[in-house]
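**Student:** Quick one: this structure, given as structure tokens, is what I'll be asking you about.
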Amino acid sequence: KREKATSNICTAQALLAIVAGFYGVYHGPEGLKRIAQRTHAFAQAFRSAVHTLGHRVSDTDLIFDTVRVWPADSKTASPKTASLKTAPDAAQIRRQAEEHGLNLRYLDDGSIGVSFDETTTLADFEDLCAAFSLDNATKVDLDSILAKCKLDFPPAFARVSPFLTHRVFNVHHSETEMLRYIFRLMGRDLSLAHSMIPLGSCTMKLNATCEMIPVTWPEFGQMHPFAPSNQTLGYQKLFADLESWLSRITGFAATSLQPNAGAQGEYAGLMVIRAYHLSRNQPHRDVCLIPESAHGTNPASAVMAGFRVVVVKNDPQGNFDLKDLAAKADLHRDALGALMVTYPSTYGVFEEDIRDAIAIVHERGGQVYMDGANMNAQVGLTSPGEIGADVCHLNLHKTFCIPHGGGGPGMGPICVAEHLKPFLPGHPVCPPALQATSAIGPVSAAPYGSPSILVIPWVYIALMAGAGLTKATQVAILSANYMAKRLEGHYPILFRGRVLKQGLPGMCAHEFIIDLRPFDKSVGIKPDDVAKRLQDYGFHGPTMSWPVPGTLMIEPTESEPKQELDRFCDAMIAIREEIRAIEAGHADKIDNPLKHAPHTIGMVSADEWKHTYSRQQAAFPPGAPWLKESKFWPPVGRVDNPYGDRNLVCSCPPMDEYGAG
């Protein structure tokens, strides 16, 4: 159910989780334990050291990596330490810490928080102790301090059960082993390094190396999200540039970079609309109209933001039904809060009635949210603001080149018209002067989402400039229409928009949908069969059965040259010939290359071959000469997806291995 599809894949920030997983693989259980023990030792030693310097610390042993210190002048310090003249006050500690390049956490009650981790060095420890001393130079003997510290974890918190017992966490502990392990995994992934990834609605474009390099610069990647503003002038320039550029691209007045994924941007934009209605004493405006062709997460985002979803029908050409929209807007006139519309639509067409639809909603008191998932077909040619919308989100991980293959990291900033600017997300850590008093609450943990990856769209936009961004949009649309034209004689193409001339189909936007339902009826070939067979031809499958069941949605983007578009079309045409062979009775309905795809090297090289078609047909089909030069071997053969969905098998140890405790 769409209203329960509460996220898109990039919201999970899966690539960041993968990095964390590799961290565990490299260090293993013993390495992680050593890191924890070392971190704990630094914390214990620091607590002992600052106590001897005249400050009060917590008397409890229940600390791990963080120490809370009450400076000698603190209102909460003991009378004994408060009277000491040998210890600096909080202001002096802060000055001295910053002289050493250290940022500490200064709490409202006057105490100071200090945290340690695996990056802490002996020099860092010595600088910290000096900062808490009166002369900003006191040296401490770490060995003697550690000798007096109790470094064991309290029994109630000490872990005694084994962890990370799988072999993968216990063998890759040198750089060489780790390198080979990562490359083995890379070899199993059919990526943009091999061929185009034609996932419709995902905009899997090139993430250029020059755009990615700044992510590795410590000046960005190692900056704490709450570092003092006088230390983040470069970041602030980057934020200001991006906000200005994205506002100009969308035709809006202001931008918030805070939403951390596309679905989070949808939620934030809708919450801004709710806040706007509330400011006008119209909290009852809670109906959100959403066309059938809207982006997949729209209904769930609307429900999460407190709206009631009313679906608007689409016509056979993929446009939303303007009469149905007007009727439902009239029906809910007094409660109409918003229209959520994707432009161009998820069906891959530019609705020609978009301005009329927006006018209908505005005339009845609603606001218009334009989903920016398909901005790759708008940039430089038109904009949500020019069309008349009130707010949109942008998938920086789609149109603006942050990589999101495998799931994130995503970024979904929102851009708004002037009247919605006061309601953009705020954040309690930001100075009040930087946010309006009517701002909605934070939608992400940090004020600027995942700021380290914002350098990617900054470089992309700076390098492309206006003319380049416009040309990228034009090429993306041209590529999609070229591919649709090449394939239309072999597959039915859905939703071509309004006809150009009598008897001629209309144009698609930056993506198009091919209909495989006729082949399911004739010979039982389904989207899964075609998508899996594409792996044998060296291609990732397109988006399957969405937004229309039984179809494939294809988006080439502007990153692919004509020869790659032709190569993919050649593969699809060759697969169509394989379907024709089944239709003509030349190939078996069950035992054919599509039904058993993909074919692994183990299958093709096995001593026994039971299929009625040849090994060459399986792995090196005619019509795909490129396979002789470079062949991607799928690592896994056909998986019975429905069976797996209905018969879940847990890869974890059985429950009886966990014991009664």
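The values are calculated or read from the model by the stated rules, or taken from the named source; none is laboratory data. Please read these numbers as outputs of a predicted model, since none were measured by experiment. All Cβ positions, even for glycine, are placed from backbone atoms using ideal geometry, and neighbour counts span all protein chains on display. The protein model used for the area step is the full one, side chains on, heavy atoms only, and it has no ligands, DNA or RNA in it. Shrake-Rupley method; radii C 1.70, N 1.55, O 1.52, S 1.80 Å.
**Student:** Give me the residue from the range 89-105 that is of a type outside the set (Asp, Glu) and not in a helix (DSSP H, G or I) and, out of that set, surrounded by the fewest Cβ atoms within 10 Å (Cβ to Cβ).
**Tutor:** Applying the filter and picking the extreme gives 101.
**Student:** Now for a different question. Of all the residues that make up the range 426-469, how many are under 22 Å from the mean Cα position of the chain (by Cα), modelled with pLDDT under 95 and open to solvent by 50 Å² or more (accessible area, probe 1.4 Å)?
**Tutor:** Adding up the residues that qualify gives 3.
**Student:** Pull up the range 638-652, narrow it to residues that are outside any helix (DSSP H, G or I) and at pLDDT 75 or above, then point me to the one that is nearest to residue 594 (Cα to Cα).
**Tutor:** Looking at the filtered set, the residue picked out is 638.
**Student:** Could you please find all residues in the range 586-623 being within 16 Å of residue 534 (Cα to Cα), within 36 Å of the chain's Cα centre (by Cα) and surrounded by fewer than 14 Cβ atoms within 10 Å (Cβ to Cβ)?
**Tutor:** Scanning the range 586-623 gives a single hit, 601.
**Student:** Turning to a different aspect of this structure: Could you list, ordered by first residue, the pairs with Cβ atoms under 9 Å in which the first is in the range 585-614 and over 16 Å from residue 638 (Cα atoms) and the second is open to solvent by 20 Å² or more (accessible area, probe 1.4 Å) and of a type in the set (Phe, Trp, Tyr), at least 6 apart or interchain?
**Tutor:** Close Cβ pairs (under 9 Å, with a partner that is open to solvent by 20 Å² or more (accessible area, probe 1.4 Å) and of a type in the set (Phe, Trp, Tyr)) amount to 587/613; 588/613.
**Student:** Here is a follow-up. Given the structure, is residue 289 crowded, with 23+ Cβ neighbours inside 10 Å, more than 21 Å from residue 399 (Cβ to Cβ) and out of contact with any Phe, Trp or Tyr (no Cβ under 6 Å at 6 or more places or on another chain)? Walk me through how you get there before you give the answer.
**Tutor:** Details: crowded, with 23+ Cβ neighbours inside 10 Å: yes; more than 21 Å from residue 399 (Cβ to Cβ): yes; out of contact with any Phe, Trp or Tyr (no Cβ under 6 Å at 6 or more places or on another chain): yes.
Yes.
**Student:** In the range 426-461, what count of residues is obtained for those that are in a helix (DSSP H, G or I), of a type outside the set (Phe, Trp, Tyr) and touching a residue at least 24 places away in the same chain (Cβ under 8 Å)?
**Tutor:** Residues that pass the stated criteria total 9.
**Student:** Next question. When residues of the range 370-408 are filtered for being over 25 Å from residue 189 (Cα atoms) and assigned to a loop (DSSP other than H, G, I, E, B), how many remain?
**Tutor:** Within the range 370-408, residues that are over 25 Å from residue 189 (Cα atoms) and assigned to a loop (DSSP other than H, G, I, E, B) number 10.
Yes/no matrix, rows are residues, columns are (1) free of Cβ contacts under 8 Å to residues at least 24 places away in the same chain; (2) in contact with a Ser or Thr (Cβ under 9 Å, 6 or more places away or on another chain); (3) not in a helix (DSSP H, G or I):
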site: 260; (1), (2), (3): no, yes, yes
site: 264; (1), (2), (3): no, yes, no
site: 269; (1), (2), (3): no, yes, no
site: 275; (1), (2), (3): no, yes, no
site: 285; (1), (2), (3): no, no, yes
site: 289; (1), (2), (3): no, no, yes
site: 295; (1), (2), (3): no, yes, yes
site: 300; (1), (2), (3): no, yes, no
site: 303; (1), (2), (3): no, yes, no
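**Student:** Here's something else I'd like to know. Taking the criterion of being open to solvent by less than 10 Å² (accessible area, probe 1.4 Å), among the polar types (S, T, N, Q) and in contact with a Pro (Cβ under 9 Å, 6 or more places away or on another chain), would at least one residue in the range 391-401 satisfy it?
**Tutor:** The answer is yes; a qualifying residue exists.
**Student:** Take the residues in the range 615-645 that are of a type in the set (Lys, Arg) and touching a residue at least 40 places away in the same chain (Cβ under 8 Å), then tell me which one is farthest from residue 564 (Cα to Cα).
**Tutor:** If we filter the range 615-645 for residues that are of a type in the set (Lys, Arg), which is where we start, we get 615, 628, 631, 638.
Narrowing further to those that are touching a residue at least 40 places away in the same chain (Cβ under 8 Å): 631, 638.
Details: 631: 15, 638: 26 Å.
Once the filter is applied, the top-ranked residue is 638.
**Student:** Might you check whether a residue that is crowded, with 24+ Cβ neighbours inside 10 Å and more than 24 Å from the chain's Cα centre (by Cα) occurs anywhere in the range 369-389?
**Tutor:** yes
**Student:** Here's another thing I want to ask about it. Report yes if residue 333 is under 27 Å from residue 278 (Cβ atoms) and either surrounded by fewer than 17 Cβ atoms within 10 Å (Cβ to Cβ) or modelled with pLDDT under 95 (or both), otherwise no.
**Tutor:** Answer is yes for this residue.
**Student:** Related question: Give just the number: which of (1) of a type outside the set (Lys, Arg); (2) open to solvent by 50 Å² or more (accessible area, probe 1.4 Å); (3) closer than 20 Å to residue 202 by Cβ does residue 493 not satisfy?
**Tutor:** (2)
**Student:** So which residues in the range 339-360 are part of a helix (DSSP H, G or I) and either acidic (Asp, Glu) or within 21 Å of the chain's Cα centre (by Cα) (or both), if there are any at all?
**Tutor:** If we filter the range 339-360 for residues that are part of a helix (DSSP H, G or I), which is where we start, we get 354-360.
Once the filter is applied, which keeps residues that are part of a helix (DSSP H, G or I) and either acidic (Asp, Glu) or within 21 Å of the chain's Cα centre (by Cα) (or both), the range 339-360 yields only 356.
**Student:** Related question: Just checking, how many residues over the range 190-215 are without any contact (Cβ under 8 Å) to a residue 24 or more places away in the chain and either surrounded by 14 or more Cβ atoms within 10 Å (Cβ to Cβ) or among the β-branched types (Val, Ile, Thr) (or both)? Quick ask: steps written out before the conclusion?
**Tutor:** From the range 190-215, those without any contact (Cβ under 8 Å) to a residue 24 or more places away in the chain are 193, 209, 213; that's our starting set.
From what's left, either surrounded by 14 or more Cβ atoms within 10 Å (Cβ to Cβ) or among the β-branched types (Val, Ile, Thr) (or both): 209, 213.
So the answer is 2.
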